[in-house]
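Visitor: Below is a structure I'd like to ask you about.
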Amino acid sequence: MKKFLIKVNGNQYEVEVEEIKGGTVASQPTVTVSSPAPAPAPAPAPKAAAPKKSTGGSAGSVKVDAPMPGTILAVNVKPGDSVKKGQVLVILEAMKMENEILAPQDGTVSSVDVSGGASVDSGDILLTLN
């Protein structure tokens, strides 16, 4: 019997292997594992289909779109609200980080095309300003 240390996916195992001589094995091979095999990762839960978002936007002339895919955590404005340049309009969670989507200019919110909890793709229209 020969002993080997084998590393698989960062886990180290001690394995005993019997060498075959002359094409026959004298006894049954044995395997000794010094650490338990990792449990398989649970399958991710299927995502619920999100309602399709409008990509054309509504009445406003300035379209504020999602810079990256993510989930809308909060919408801080509603149609008819006046906003100043740099004001936080929407909070978008992407890659476990909260990203503030800011007003590109002063204006009035014409339409809000997303709601809290919605998933968005890069380039989807979040809201429009006049």
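What follows draws every value from the coordinates through simple rules; no lab data is involved. This structure is a prediction, so every number in the text was calculated from the model and none was measured. No Cβ is skipped: glycine too gets one built from the backbone with ideal geometry, and neighbour counts run over all protein chains shown.
Visitor: So if I place +1 on the C-beta of Lys and Arg and -1 on the C-beta of Asp and Glu, and nothing else carries charge, what would the dipole magnitude of the stretch 62-129 be about its Cα centre? I want it in debye, nearest 20.
Guide: Details: 5 positive and 9 negative charges, 34 e Å.
With only Lys, Arg, Asp and Glu charged at Cβ, the dipole is about 160 debye.
Visitor: Cross-link candidates for Lys63: which aspartates and glutamates have Cα within less than 14 Å, leaving aside residues fewer than 8 places away along the same chain?
Guide: Asp106, Asp113, Asp124
Visitor: With no solvent and one equal point scatterer per Cα, compute the Debye intensity ratio I(q)/I(0) for the stretch 62-129 at 0.24 Å⁻¹ and report its log10, rounded to two decimals.
Guide: -1.00
Visitor: Can you give the extra length, in nm with one decimal, that the chain gains between Ala94 and Ala118 once fully stretched, where that is 0.36 nm per residue apart less the Cα-Cα distance? Walk me through the numbers before you get to the answer.
Guide: Values: separation 24, 0.36 × 24 = 8.64 nm, distance 1.22 nm.
So the extension gain works out to 7.4 nm.
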